[in-house]
Amino acid sequence: MDFYDNDHDYDHNNSSNHSDYDTDYDMHTVCDKQEVRSFAGVFLPVVYTLALILGLAGNSLVVFVYLSHKRLRTLTDVFILNLAFADLLLLLTLPFWAADAVNGWEIGIAACKITSALYSTNFSCSMLLLACISIDRYRALTRGSTATHAPNRNNGRRQRMIMCLLVWGLAIVLGLPDMVFYTVTNSNGRNNCRAVYPQSMARAAKATMEILEVSLSFLLPFLVMVFCYCRVGVALSQAATAGVRGGRRWRAFRVLIAVVGVFLLTQLPYNLVKLVKALDVIYILVTECELSKNLDRANQITESLALTHCCLNPMLYVFIGSSFKMHILKLVKRCSQTGRGYRHGNEQPTVEISLKSGTQVQTHSLSENEDTTTFTI
Amino acid sequence: MLLQRSDTKTRMQTSTVTLLVIAAVLWGNIEAFSDTAVDCCLTTNDTRIPKQIVASYFHQTIDSGCPIEATIFITKKGRKLCAPSEKNGWISKIISHLDKKKKSPQ
C-alpha cells in the first residue's frame, strides 16, 4: 500500500526524470528485429527465385531425359531419378517461403502444414538418397563379380522398388512431425508459419535431444558418404596402377571430391548455426540484441546455402556423368537434325571416348564385370 | 545360386539398417524454414518501473518463438521494457493497475 501512496509524490518529484528512466532501462528493452525482417524480405526472395529457376531447369531435364531416353539400368540410376523428383518437390515450396519472408504467412494453417511437411519430407528424402547413392557406388566396388549376375531382372526390379518405397516411406514419416506441429502464430502483428511444440516437454531434454539430432543429421549422412567414397577412391587409385591413364583417374576423383566437397560446403555452415541455436536454447547464450540479429541473419544465409544443394545435385550426380552428357547430345542432335543437317555428328566420338574412360576405370577395379558400371563417373 | 541369393539378402539388410539409422537420426530435427526473426526480450530486469510511465503490457511466451518468458511493459513513449514473467509484487501491481484502467477508461 505504501507503494500506491508514494505514487503521487513520485509523480510530482520525478516526472522530469521519467525520460531518464527510459534510457536507464536501455539494456532490457525488446530486441527490435525489423532490420532483419527487411533484409530477409529482399534476400530470401532473390535467392529462392534463382534457386527455383536453376533447380527446376536442371532437375526437370534429369527427369525428362531419364524417363524418355535413358534406361534405368542400375540402382544408382533409380536413386538419381528419385533425387531429382524430391528436389523438384522441395523447390516447389520455395515461392511460398519467399512470400512468407515478404508478407508473413497469409494463406492459412492447412497450407502451412502441407508446405512444411513437403519441405522436410523432401529435404530428408534428398539426404537419404545421397547416402543411398554413396552406399550403392561403394557396393558396386565391393561386390564380387560372381554376385552381380545373381539377381535376375525381376529380382533386381523388386529390390529397386523396395528400396525406393523404403526411402520415400521413411521420408514421409520424417515429414509427419511438421504436419502435426506447424501452425500459424501471430507475433508483432505478423503471421508466421512455424513449429509450436507442446510445453510439456522439459526444455533441457528437448534441447539436448536437438543438439544430438542436429549434429548427427548432418554428420551421419556425411560420414556414410565419406566412408563409401574413400573406399571407392582407394579402389580407383588401385585401378590406376593397373593401367588406367592418370587423366581419366583424376576425372573420376574429381567427381568424388566435388560430391563430398559440395555437400560439406553447403551443409556444414547451416548445421553449425543450428548447433549454436540449439545450444542457445539450453544455456541462453545470446543475450545481446546485436548478436541475436546476426545469428538470425546467419541462419537465413546458411539455410539458403544449404538449399542450393538441390540445384547442384543434377550437376554433381548427372551432368558430370559422361553417359548422361551423351544422351543430352543425342537429344540436341535430334532437334538440330531437322533444322540444319548433321552438324553435331563429329561430337559423338569424343563423348564416347569419355564414356569409355568411365567404364574402363570401372571394369578395371571390378574385374571385367560389364554389368556393374553402377556409377558412371 | 543359393550363396548368391543370401549375398543379395545381406546386402539389402545392411543398406536397410543404414537407412533406418539415418532416418532415426533425421527424425524431427528437420524443421521447415520460416525462422522469421521475432522481436523478443532476451534478458529481463527486475527493477521497479514507475507505473505512471507504463501505457500497456503483454506477456512474452516461448510459444511465440522467443527464448525466454517475460512481461513486456510498453511505456507512454512507446518503449518496450522487459520485466520478469514471475508475478512478483511490483509487476502484478502494475498489471492490475493497467487492467483496471482498461476496464474504466477515463
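Taking the condition of being crowded, with 19+ Cβ neighbours inside 10 Å and more than 7 Å from chain B (Cβ to nearest Cβ), how many residues in the stretch A:168-185 meet it? Spell out how you get there, then give the answer.
Residues of the stretch A:168-185 that are crowded, with 19+ Cβ neighbours inside 10 Å, as a first pass: A:170-171, A:174-175, A:177-178, A:182, A:184-185.
Remaining after also requiring more than 7 Å from chain B (Cβ to nearest Cβ): A:171, A:175, A:184.
Number of matching residues: 3.
Limited to the stretch A:110-125, what total is found for residues that are within 13 Å of chain B (Cβ to nearest Cβ) and surrounded by fewer than 23 Cβ atoms within 10 Å (Cβ to Cβ)?
Residues of the stretch A:110-125 that are within 13 Å of chain B (Cβ to nearest Cβ), as a first pass: A:111-125.
Those left that are additionally surrounded by fewer than 23 Cβ atoms within 10 Å (Cβ to Cβ): A:111, A:113-114, A:117-118.
Number satisfying all stated conditions: 5.
Based on this model, can you work out whether B:D63 counts as among the charged types (D, E, K, R) and either facing chain A (nearest Cβ under 8 Å) or closer than 21 Å to A:S292 by Cα (or both)?
Details: among the charged types (D, E, K, R): yes; either facing chain A (nearest Cβ under 8 Å) or closer than 21 Å to A:S292 by Cα (or both): yes.
So B:D63 fits the description; yes.
Can you tell me which residue within the stretch B:53-67, out of those that are in contact with a helix residue (DSSP H, G or I) (Cβ under 7 Å, 6 or more places away or on another chain) and of a type in the set (A, V, I, L, M, F, W, C), is farthest from A:L279 (Cα to Cα)?
Per the stated criteria, the residue is B:I53.
Residues are listed down the side, and each one gets a yes or a no for (1) more than 7 Å from every other protein chain (Cβ to nearest Cβ); (2) modelled with pLDDT of 90 or more; (3) out of contact with any helix residue (DSSP H, G or I) (no Cβ under 7 Å at 6 or more places or on another chain):
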{"residue": "A:L285", "(1), (2), (3)": "yes, no, no"}
{"residue": "A:S292", "(1), (2), (3)": "no, yes, yes"}
{"residue": "A:L305", "(1), (2), (3)": "yes, yes, no"}
{"residue": "A:T308", "(1), (2), (3)": "yes, no, no"}
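The values are calculated or read from the model by the stated rules, or taken from the named source; none is laboratory data. Computed from a predicted structure; not experimentally measured. When we count neighbours, we look across all protein chains shown, and the Cβ atoms used for this are built from the backbone with ideal geometry, even at glycine.
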